[in-house]
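Contents: one structure, followed by commentary.
Quick note: the coordinates plus some simple rules give every number you see, no bench work behind them. As the structure is a prediction and not an experimental result, all values here were calculated from the model. All Cβ positions, glycine included, derive from the backbone under ideal geometry; neighbour counts span all protein chains shown.
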Amino acid sequence: MLRARTKALALAAFTAVLAFGAVPASAGTAAPSAENTPAASTTTPLAQADVPASFREDGVRIRRSYDSTSEVLGLGYRSHSVSAFCGVYPDPMVGYYGVQNHTTGVRGYVFWDYMYVENASALPSC
């Protein structure tokens, strides 16, 4: 039941991100002039930054690619420091997070049921 609810929440968040990005700008919105255009930001946008995450179980497989048959690069444990850098959803009911295990230095992909990502909607697509 928890997996089904987690999948439904992740799908809803993913759909919301897609819908938000697809909203056209208002026809009445004027383009900013050169005088009032802000300078380029030196900070990384949230969507491109790593998002805090954690493993839901011990011994979670971190894979080279986002499929269940790819090579296992390492294992993740609940005590490890980890962050997510992207999300990929090859099927509406299947998803993977690109993760960086800071404890072991392994970078790869984990099936979404085994991860808790604090702000999954902030993740860019892989």
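Using the Karplus curve 6.51 cos²θ - 1.76 cosθ + 1.60 with θ = phi - 60°, what ³J(HN,Hα) values do you get for each residue of the stretch 104-117, in whole Hz, with x for Gly and Pro?
Here the 3J(HN,Hα) series is 9, x, 7, 10, x, 10, 10, 4, 4, 5, 9, 10, 10, 10 Hz.
Take the Cβ-Cβ distance between Tyr89 and Glu57 as r, set R0 to 30 Å, and report the resulting FRET efficiency rounded to the nearest 0.05.
Efficiency computed from Cβ-Cβ geometry: 0.90.
Any chance you could run the full-extension gain for Arg64 through Asp113? It's 0.36 nm times the residue separation minus the Cα-Cα distance, nm to one decimal.
Extra length available between Arg64 and Asp113 comes to 15.9 nm.
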